[in-house]
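Below: the structure, in structure tokens.
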Amino acid sequence: MESNKDVIIVGGGIIGLACAHYLIEKNVSVRIIEQELIGSGASHGNCGLLYFPDVIPLCEPGAVRHEIIKTITGKSSLYIKPTLDLKLIRWLVKFAAHCTQSHLDTASKAKNDILRYSMTLFDRLFTEHAIECDFEKKGVLHLFKDKKKFEAYESTNTFLQNFGFGAKALEQDDARKLEPAIHEDIAGAWHNQSIWHLRPEMLVDAWKKLLIKKGLIIEEKCKMTGFGITQGKIKSVKTVKGQYKADTFILATGAWAPETEKQLNLSIPVQPGKGYSITMERPDQSCEIPCYFYEKNIVATPWKTGYRLGGTMEFSGFSDTLNKKRLARIISGAKQYLNPSIGHPVIEEWTGLRPMTYDDLPIIDRSAFHDNLFIATGHGMLGLTLATGTGKSVCDMICNGKAQIDLTPFSLDRF
Ligand SMILES: Cc1cc2nc3c(=O)[nH]c(=O)nc-3n(C[C@H](O)[C@H](O)[C@H](O)COP(=O)(O)OP(=O)(O)OC[C@H]3O[C@@H](n4cnc5c(N)ncnc54)[C@H](O)[C@@H]3O)c2cc1C
């Protein structure tokens, strides 16, 4: 079937690629404009978890109080650089205002819809295409040092069970039988089997190659500087290499999305949430199941081809400086939960910017001012997990006028 549509996607991260995938399936011709290289943003060195049970928003009731206590006691993985940046201050105030029971109720339902949808679509993607990316379905072990916190997780688990995403509690001995790499003094673990994992940079690379074979055009080192707009319609994308025309445009620039909000007359309140990871060869007796170190907010992801530790959340603008102290904290944190937690040699120390919204819901919408412009950003901690549900929804809006899931909670006019 021939399609006469052509679409330009600005931003070559996992969200841009997923949009391209579903559009190309519909025979749409697609060009991605990327300022650096495809997959060089947050989609490169993340922890690689397809974390489908993550229905609880970051701004849950009590989140701010808990973080303040953890910050005072030096246990927080969150860092907010003192700032006079009014946009960030407003963002933080709004985040705090969303830590309510009513937001938890509405956001968890909305998140569940798109998480479930993405889960089904990832299953289909990997069944239909040979995409080499160390994909496995082993779940994640949530490890606890503190017995009280391990027991208290029962109430979180009951909440997750309502969505069919419950985990299994394992006392220390059973946890260590299942995963011998776990440290001797762990209090217990919750094994959630609805989480899958893969190596994100391999996914990006393999998916990109597959799409190029199907006709995807890519412009790299091609920063977008603005849009060419005539009579309320977007006609072209202006870049450092010249202008590119198309019928339809998708803004998938992750944490950088607010750069164009003024020209587009939109409010896109996304802040960069900086995270770190360390990639190494697998330790001799590596864990086989990905582990989440609950009290430290650190993840260890083992793959056939390597091993990664990742975490932290820093609000410090667009800096990509590698803070050695935070990297050292990730290593020392991991050592408290897993016996052989460090591998040699270290292959990469990395930092990436998560596109964070203050209500912890993504933005997937058509612009109210330019009906041939679609926005897909704000995926926060879950951009990899939500890529398929987002890409398919954007494609359905463009090709059929409507997505298969309700996108109202992800609309731009909530801001
Ligand atoms: C440490 C860490 C661990 C994480 N772990 C997980 C995990 O386990 N599971 C999960 O689901 N998510 C995880 N995430 C979150 C996930 O990585 C992000 O949500 C996701 O990568 C966002 O994808 P994106 O395509 O929106 O953004 P990006 O990957 O950042 O892509 C946006 C692209 O747009 C390009 N761009 C920006 N401006 C312009 C412009 N003007 N012109 C042209 N191009 C432009 C950028 O160069 C970039 O390549 C993690 C993040 C971090 C930092």
May I ask you to verify whether GLY226 is out of contact with any Leu (no Cβ under 7 Å at 6 or more places or on another chain), touching a residue at least 60 places away in the same chain (Cβ under 8 Å) and surrounded by fewer than 17 Cβ atoms within 10 Å (Cβ to Cβ)?
no
Quick one: is LEU143 of a type outside the set (Val, Ile, Thr) and within 15 Å of THR385 (Cβ to Cβ)?
no
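Quick grid of which residues meet (1) of a type in the set (A, V, I, L, M); (2) assigned to a strand (DSSP E or B):
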residue: PHE159; (1), (2): no, no
residue: GLY164; (1), (2): no, no
residue: LEU170; (1), (2): yes, yes
residue: ASP185; (1), (2): no, no
residue: LEU210; (1), (2): yes, no
residue: ILE218; (1), (2): yes, yes
residue: CYS222; (1), (2): no, no
residue: VAL237; (1), (2): yes, yes
residue: TRP256; (1), (2): no, no
Using the structure shown, decide if GLY391 is within 11 Å of the ligand (Cβ to nearest atom) and in contact with a Phe, Trp or Tyr (Cβ under 6 Å, 6 or more places away or on another chain).
yes
Name the residue that is nearest to the chain's Cα centre (by Cα), counting only residues in segment 366-415 that are surrounded by 23 or more Cβ atoms within 10 Å (Cβ to Cβ) and part of a strand (DSSP E or B).
THR377
So which residues in segment 304-327 are over 22 Å from ASP146 (Cβ atoms), of a type in the set (S, T, N, Q) and either out of contact with any Lys or Arg (no Cβ under 7 Å at 6 or more places or on another chain) or part of a strand (DSSP E or B) (or both)?
SER316, SER319, THR321, ASN323
Only one of these conditions is not met by ARG326: (1) at pLDDT below 95; (2) buried (at least 24 other Cβ atoms within 10 Å of the Cβ); (3) among the basic types (Lys, Arg). Which number is it?
(2)
Can you find a residue in segment 340-360 that is under 23 Å from the mean Cα position of the chain (by Cα), under 27 Å from GLY391 (Cα atoms) and either of a type in the set (Gly, Ala, Ser) or surrounded by fewer than 19 Cβ atoms within 10 Å (Cβ to Cβ) (or both)?
yes
Taking segment 188-208 and the residues there that are assigned to a loop (DSSP other than H, G, I, E, B) and within 13 Å of the ligand (Cβ to nearest atom), the one that is farthest from HIS44 (Cα to Cα) would be LEU198
From (1) within 11 Å of the ligand (Cβ to nearest atom); (2) touching a Phe, Trp or Tyr at 6+ places or on another chain (Cβ under 7 Å), pick out the condition that doesn't hold for ASN297.
(2)
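Answer yes or no: is there a residue in segment 357-377 that is more than 30 Å from VAL299 (Cα to Cα), among the small types (Gly, Ala, Ser) and in contact with a Cys (Cβ under 9 Å, 6 or more places away or on another chain).
no
Kindly indicate whether ILE218 is aliphatic (A, V, I, L, M), under 30 Å from ILE33 (Cβ atoms) and in contact with a strand residue (DSSP E or B) (Cβ under 9 Å, 6 or more places away or on another chain). So that I can check it myself, show each step before the final result.
Values: aliphatic (A, V, I, L, M): yes; under 30 Å from ILE33 (Cβ atoms): yes; in contact with a strand residue (DSSP E or B) (Cβ under 9 Å, 6 or more places away or on another chain): yes.
When the stated conditions are applied, ILE218 passes them.
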So which residues in segment 264-303 are without any contact (Cβ under 8 Å) to a residue 60 or more places away in the chain, outside any loop (DSSP other than H, G, I, E, B) and farther than 25 Å from LEU17 by Cβ, if there are any at all?
ALA300
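Residues to consider are ILE342, ILE330; find the one that is within 11 Å of the ligand (Cβ to nearest atom) and either more than 19 Å from VAL140 (Cβ to Cβ) or not in a loop (DSSP other than H, G, I, E, B) (or both).
Result: ILE330 is the single residue among ILE342, ILE330 that is within 11 Å of the ligand (Cβ to nearest atom) and either more than 19 Å from VAL140 (Cβ to Cβ) or not in a loop (DSSP other than H, G, I, E, B) (or both).
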Complete set of residues in segment 79-111 that are in contact with an Asp or Glu (Cβ under 7 Å, 6 or more places away or on another chain) and under 28 Å from ARG329 (Cα atoms):
TYR79, CYS99
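Which of the following residues is more than 24 Å from THR388 (Cβ to Cβ), of a type in the set (Gly, Ala, Ser) and surrounded by 22 or more Cβ atoms within 10 Å (Cβ to Cβ): ALA255, ALA189, ALA181?
ALA189
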When you look at GLU201, is it surrounded by 13 or more Cβ atoms within 10 Å (Cβ to Cβ) and either over 24 Å from GLU34 (Cβ atoms) or in contact (Cβ under 8 Å) with a residue 40 or more places away in the chain (or both), yes or no?
yes
Out of all the residues in segment 372-388, which are of a type outside the set (A, V, I, L, M) and within 14 Å of the ligand (Cβ to nearest atom)?
PHE374, THR377, GLY378, HIS379, GLY380, GLY383, THR385, THR388
Is at least one residue of segment 139-156 buried (at least 18 other Cβ atoms within 10 Å of the Cβ) and in a loop (DSSP other than H, G, I, E, B)?
yes
Sole exception among (1) among the hydrophobic types (A, V, I, L, M, F, W, C); (2) assigned to a strand (DSSP E or B); (3) more than 9 Å from the ligand (Cβ to nearest atom); (4) at pLDDT 95 or above for LEU353, by number:
(3)
Among the residues of segment 14-36, how many are touching a strand residue (DSSP E or B) at 6+ places or on another chain (Cβ under 9 Å) and near the ligand (Cβ under 9 Å from one of its atoms)?
8
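The values are calculated or read from the model by the stated rules, or taken from the named source; none is laboratory data. From a predicted model like this one, the values you see are computed outputs, not experimental measurements. Counting neighbours? That spans all protein chains shown, and the Cβs are built from the backbone with ideal geometry, glycine included.
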